[in-house]
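Derivation of every value follows stated rules applied to the coordinates shown; laboratory data play no part. Note that the structure is predicted; figures quoted are calculated from it, not measured. Glycine gets a Cβ as well: all are built from the backbone with ideal geometry, and neighbour counts include every protein chain shown.
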Amino acid sequence: MRTKLSHKVLDGYLKITLAGETPGPEARLLLQKIKVLADESGKSKILVDGLNVSAPMPDMERYDVGELAAAVFGHRYKIAVIYRLEHINKFMENVAVNRGAYLNVVGSELEAIEWLIG
């Protein structure tokens, strides 16, 4: 896998940490793995830390990941994604939300946790 995933079950949410390259064609597998981890932990709130992903996703990949996130998680999971502020353009978020996902992309862990838990 191009993207490495680690996870930690915390009080109130599941924290996913991603590192390496952008997921590309393995995005579906990555999202399905995150869903399995959430289900196994009994958590419907997920914090995804993408600060250690090496490069920004191209817009077409953001579109695909947004569609996949909505298909895999729907509205039953609340997902906060932390991404490098200079790479956030809200495109993936908008695609996911417009298809029924409950997802927010932000630039800091504090902001993500406040949105996720609040």
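Each label point is 7 Å from the Cα along the Cα-to-Cβ direction; what then is the distance between the points at Ala71 and Glu109, in nm?
Taking the two extended label points, one gets 3.3 nm.
For Cα pairs less than 8 Å apart in space and 6+ apart in sequence, what is the mean separation divided by the residue count of the chain, i.e. the relative contact order in percent? Before the final figure, lay out each step's value.
Details: 221 pairs, mean separation 28.1, N = 118.
After rounding, I find 24 percent.
7 Å from Cα along Cα→Cβ at both Val36 and Asn89: what's the point-to-point distance in nm?
In this crude spin-label approximation the distance works out to 3.3 nm.
Taking only DSSP H segments of four or more residues, each worth -39500 (n - 2.57), what value at 222 nm results for the chain once the sum is divided by all its residues, to the nearest 500 deg cm²/dmol?
Rounded to the nearest 500, it is -12500 deg cm²/dmol.
Distance in nm between label sites at Asn98 and Glu21, each 7 Å beyond Cα in the beta-carbon direction?
Here the modelled spin labels are 2.9 nm apart.
Strictly greater than 18 Å: what percent of every Cα pair in region 3-117 meets that?
Details: 2821 of 6555 pairs.
Value for region 3-117: 43 percent of Cα pairs lie more than 18 Å apart.
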